[in-house]
Amino acid sequence: MNGNAESAVKTERGRFESICSHLFALSTVIFLLGGAVIVICQMVLIVGAKGMMAMVIAETVGPYAFGMSSIAGLLAFVLTYFHKGAPKDGED
């Protein structure tokens, strides 16, 4: 490959990695917020003796939170391929 083609591939790879990284961060924040909403609502509703409403909140928000956690996990897996040559923790 010539220099221009190599730089174009690196630019595309960098752009794809950046997109994956941003989507990973976004999906992680969304699933953490969804999980927090479930837990906090359940605590408040159970203390308030509204157990059935707590179940409804979990059934409503749960699929979105769990779906986002799945997406974050898959994106984390994809991102590991960009850091194959990077030193591991404790290695220099």
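The values are calculated or read from the model by the stated rules, or taken from the named source; none is laboratory data. A quick note: this is a predicted structure, and the numbers were derived from the prediction, not measured. Don't worry about glycine lacking a Cβ; one is built from the backbone with ideal geometry, like all the others, and counts go over all protein chains shown. Just the protein is used for accessible areas: all its heavy atoms, side chains included, with ligands, DNA and RNA removed. Shrake-Rupley method; radii C 1.70, N 1.55, O 1.52, S 1.80 Å.
The HN-Hα couplings worked out from phi for the stretch 25-33 by the Karplus form 6.51 cos²θ - 1.76 cosθ + 1.60 (θ = phi - 60°) are 4, 5, 5, 5, 4, 5, 6, 5, 5 Hz, whole numbers, x standing for Gly and Pro. A probe of 1.4 angstrom, applied to the heavy atoms of all protein chains, finds T60 with accessible area near 80 square angstrom. Taking amide H atoms as placed 1.01 Å from N in the peptide plane, the amide H of K50 has no partner under 5 Å among residues 5 or more positions away or on other chains. Here the simple spin-label model places points 7 Å from the Cα toward Cβ, and for K50 and V78 these points are separated by 3.9 nm.
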